[in-house]
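Heads up, the thing below is written out as structure tokens.
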Amino acid sequence: MYRTHTCGELKATDEGERVTLSGWVDRIRDLGGVKFVILRDRYGKTQIVVNPDSPVYSKVDEISREDVIQIEGTVRKRPKEAVTNELTGEIEVVVERLEILSKSKLPPFYPGDEVSEEVRLKYRYLDLRSARMTNNLIVRHKMAFATRAYLSDKGFLEIETPYLTKSTPEGARDFLVPSRLKKGNFYALPQSPQLLKQLLMVSGMDKYFQIVRCFRDEDLRADRQPEFTQIDIEMSFVHMEDVLQLAEGLARHIYATIGINLPEKFDKVPFEEAMEKYGSDKPDRRYGMEMMDLTQYFKNSDFKIVKDIIDKDGFVKGFKANIPMSRKIADEYSEFVKGYGLGGILWFKIENGQITSTTAKYLENEYVAISKDYNVSEGDVFILAVHEDREKLNTALGALRLKIGKQYMKVSGYDALWVIEFPFLEWSDEEQRFVARHHPFTMPYIEDIENNVEPAKIRAYAYDMVINGFEAGGGSIRIHKREIQEKVFEMIGLSKEEANEKFGFLLEALQYGVPPHGGIALGLDRLVSIAVSVENIREVIAFPKTSSGTCLLTNAPSTVSQAQLDEVGITLKQ
RNA sequence: GCCUGUAUGGUCUAUCGGAUAUGACGCUGGAUUGUCGAUCCAGAAAGCAGGGUUCAACUCCCUGUACGGGCGCCA
């Protein structure tokens, strides 16, 4: 037996107990006479005492930090003055036997040291020994476990779908896997089990879920990895509201199991409102600073920057913030919004009851009117921008709002909401056609189509769950009638032949009695990162990739042998 | 594809167009009988790669590489 207890469980009540512990040597404190060894495992740390009369006294000199050792000894209470607040701070173990199970080479860092992420990723197995990383993985497990319990209770079946599947167009770039048996053919790793879970609905599975890996070969971000985990859900005989209720309940439940209370009711915010007020389809409302349309105040301005835009039927929008402002800061913000296609920002503040601004001499009347109507008071700063493209204006100001919020405001708590009524279509400059914004199986608002609403304004039964400004998940009600599906393909310029070639199996299935259905996928990585308050999902993934898609631990991706290439019939260029 | 930041002992970092490159942690050796980031003394240990500017480059410039953040992209 390697151990009778873990390093995190011995308490004062275990006094006198004879125990065997195994773990890593966290620290050795040699006081010349008495020596202390701190033994660590994922449950905690226990102090081992070695007195000069101990049978293993000289053996302690052979061990070093991060060795794996086993000890046998007796639990005793520490002297009063030596008690600490730690989990096992009341006791220590007087060692009688000590065995080195495995020596450690001098590590590049010790668990919990402040080290660059690059080094942490290279030695991820050491990094994961830290209490923080261990906790992140524990929280992740608890949330995944709670998900299974909750959904199983509600009658959902966890059903696996293949990872080696068919490449489908639309959406992200596929990771391809060459087929050896059918040379020249490729599997694709699924971007999500979307089509397969819909087929499960056709099969009558009624309520499906899966905690599943998804793969998208696109450039990475702090919250995007090439492979990530979704809580994938699909339900039959449901309306949008049923899916939202279920997902909301699930989110509340899994957060509750780790001690976080999400709001009783998630607000529903239409996409357009989110864009207008926050310039984002995943707003973090905790920062306040809602954006306002101020175009009317500038209709008669002759300040060139503004007039040029107004003459082109452009817009002026802005928001109020309680932040420091100076010429230098304004320049920085202007530079920032230039990255989003704007020319810069305008601003004014109220200082000593006066409007202060580098542009006050051109726009004083406008600023005064805005101050009055929007109750801009002493110390407030008002930031404005102009552009002829309203979407660009919203996005740029929204990004600035978020930057300012993160810089100056300490927010706490959890803001959870639904963004609904997403546009059904989206113009693709690259392809010069409308593409499905969510995916081509999403149910559009039929009345919008019947009322001949312009394509870009047709709404979809698509929804995103947003928590603290992160897109925690998204889904839609699907099309269950072949006629509508065909109409949609027509709208996105997909010919019958192409549609058949690409989604033939789904279209075929849609002819055999399909229940109305819909679903959602929640991003587990993001849910966990929100729960442990980190911005980067790498912190909650055991073995993540760098932003260039490599694994510093294994050095993947790497070249393969000519023989391997030959087997799958692939010749490399050059 | 584009923009941007970073690169100095094992780790985290300081400084400087010139001389012996700073400190902390860790490590090694020594001292030390109640520590808990133990303490005290001593020691070893470093400029990402290539090119350029210069009498002289770790420092300035360019290119590359790696890592971070963002835009595009991500149904």
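The values are calculated or read from the model by the stated rules, or taken from the named source; none is laboratory data. Computed from a predicted structure; not experimentally measured. Because the Cβ atoms are built from the backbone with ideal geometry, glycine has one as well, and the counts that use them run over all protein chains shown.
Some values worked out for this structure:
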quantity: Filtered residue count, region A:422-434, keeping only those that are more than 10 Å from RNA strand B (Cβ to nearest atom) and of a type in the set (A, V, I, L, M); calculated: 0
quantity: Strands (runs of 3 or more DSSP E) fully within region A:223-327 counting 1 or more residues that are more than 27 Å from A:Lys410 (Cα to Cα) and of a type in the set (A, V, I, L, M); calculated: A:227-236, A:315-321
quantity: Cβ pairs under 6 Å, 6+ apart, first in region A:268-296 and acidic (Asp, Glu), second assigned to a strand (DSSP E or B); calculated: A:Asp281/A:Val419; A:Asp293/A:Lys317
quantity: Exclusive hit being among the acidic types (Asp, Glu), assigned to a loop (DSSP other than H, G, I, E, B) and either assigned by TED's automatic domain parsing to the domain that holds A:Val534 or more than 29 Å from A:Ala399 (Cβ to Cβ) (or both), set A:Glu430, A:Glu501, A:Glu486, A:Glu497; calculated: A:Glu430
quantity: Residues of region A:78-99 satisfying the condition of being surrounded by fewer than 16 Cβ atoms within 10 Å (Cβ to Cβ), under 45 Å from the mean Cα position of the chain (by Cα) and modelled with pLDDT of 95 or more; calculated: A:Glu99
quantity: Selection within region A:7-59 - assigned to a loop (DSSP other than H, G, I, E, B) and near RNA strand B (Cβ under 8 Å from one of its atoms); calculated: A:Leu31, A:Gly32, A:Gly33, A:Val34, A:Asn51, A:Pro52, A:Asp53
quantity: Qualifying residues in region A:403-422 (those that are in contact with a helix residue (DSSP H, G or I) (Cβ under 7 Å, 6 or more places away or on another chain) and assigned to a helix (DSSP H, G or I)) - the one surrounded by the fewest Cβ atoms within 10 Å (Cβ to Cβ); calculated: A:Lys403
quantity: Failed criterion for A:Ser102 (all others in (1) more than 9 Å from RNA strand B (Cβ to nearest atom); (2) under 30 Å from A:Lys545 (Cα atoms); (3) surrounded by 19 or more Cβ atoms within 10 Å (Cβ to Cβ) hold); calculated: (3)
quantity: Residue list for region A:60-89, filter: part of a loop (DSSP other than H, G, I, E, B), of a type in the set (Asp, Glu) and under 24 Å from A:Pro108 (Cα atoms); calculated: A:Glu66, A:Asp67
quantity: Positions within region A:435-456 being in a strand (DSSP E or B) and near RNA strand B (Cβ under 10 Å from one of its atoms), in sequence order; calculated: A:Val435, A:Ala436, A:Thr442
quantity: In region A:316-342, the residues that are among the hydrophobic types (A, V, I, L, M, F, W, C), within 16 Å of RNA strand B (Cβ to nearest atom) and over 23 Å from A:Ser301 (Cα atoms); calculated: A:Phe336
quantity: Neighbours by Cβ (under 6 Å, 6+ apart or cross-chain): first from region A:105-130, over 15 Å from A:Val68 (Cβ atoms) and exposed (fewer than 13 other Cβ atoms within 10 Å of the Cβ); second modelled with pLDDT of 95 or more and not charged (D, E, K, R); calculated: A:Pro108/A:Tyr123
quantity: Matching entry among A:Leu507, A:Leu522, A:Leu572, A:Leu527 (being over 30 Å from A:Leu250 (Cα atoms) and either among the polar types (S, T, N, Q) or surrounded by 15 or more Cβ atoms within 10 Å (Cβ to Cβ) (or both)); calculated: A:Leu507
quantity: Members of region A:532-574 found to be more than 22 Å from the chain's Cα centre (by Cα) and within 16 Å of RNA strand B (Cβ to nearest atom), listed by number; calculated: A:Leu553, A:Thr554, A:Asn555, A:Ala556, A:Pro557, A:Ser558, A:Thr559, A:Lys573, A:Gln574
quantity: Subset tally (residues that are within 16 Å of RNA strand B (Cβ to nearest atom) and of a type in the set (Asp, Glu)) for region A:401-421; calculated: 1
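Every residue, every condition in (1) more than 9 Å from RNA strand B (Cβ to nearest atom); (2) outside the structural domain of A:Val50 (by TED's automatic domain parsing), yes or no:
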position: A:Thr84; (1), (2): no, no
position: A:Tyr110; (1), (2): no, yes
position: A:Glu118; (1), (2): no, yes
position: A:Leu126; (1), (2): yes, yes
